[in-house]
Amino acid sequence: MRRILQAALPIAIFALALPQSVRAESHGSPGAVFAGGDGSSCASAIVIRGVPSEIEGVSAEYRWLAEKYPRSRLGNQSLSHDDGRSFDLIELTTAAGESKTVCFDISEFYGKL
């Protein structure tokens with residue numbers, strides 16, 4: 001449990017430093033590759049590959065969100081584990097007012113500081 005809290009702290013600090021309105025030009029990890037599904041559930045999570053650390057991985061998440069949902073407002077972010085995989089779930093409200101939860105598979109970089 002202590003390891004989870006230690007690993008989640010940098011993510012939480014990074015997320016708090018970001019503006020509530022996501023802008024593509026301010027977030028990104030150029031080496032990130034997005035694979036997998038559309039993120040509508042963790043069974044079809046967006047898999048992030050090619051990032052060396054949690055900070056760059058979270059940055060890649062926000063870049064993907066900014067490109068897919070411009071001018072969206074971020075809500076809660078939570079961490080989930082299932083069958084040896086780690087997931088970030090991010091709630092947002094689109095510019096059109098639609099509520100969504102997007103699931104990212106962060107297994108490749110989770111715990112790497």
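The figures follow:
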quantity	calculated
Complete set of residues in region 76-113 that are closer than 15 Å to Y62 by Cβ, touching a residue at least 24 places away in the same chain (Cβ under 8 Å) and charged (D, E, K, R)	D88, K100
Residues within region 83-113 that are within 9 Å of the chain's Cα centre (by Cα) and not acidic (D, E), tallied	7
Condition met for L65 (in contact with a Ser or Thr (Cβ under 9 Å, 6 or more places away or on another chain), at pLDDT 65 or above and closer than 19 Å to T94 by Cβ)	yes
Residue match in region 12-29 (condition: in contact with a Lys or Arg (Cβ under 9 Å, 6 or more places away or on another chain), surrounded by 16 or more Cβ atoms within 10 Å (Cβ to Cβ) and at pLDDT 95 or above)	no
Filter result for S80 (over 11 Å from the mean Cα position of the chain (by Cα), at pLDDT 95 or above and either buried (at least 16 other Cβ atoms within 10 Å of the Cβ) or not in a loop (DSSP other than H, G, I, E, B) (or both))	yes
Check on S86, surrounded by fewer than 20 Cβ atoms within 10 Å (Cβ to Cβ) and part of a strand (DSSP E or B)	yes
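The values are calculated or read from the model by the stated rules, or taken from the named source; none is laboratory data. What you see is a predicted model, and the numbers here were worked out from it, not measured in a lab. We place every Cβ from the backbone using ideal geometry, glycine too, and count neighbours over all the protein chains shown.
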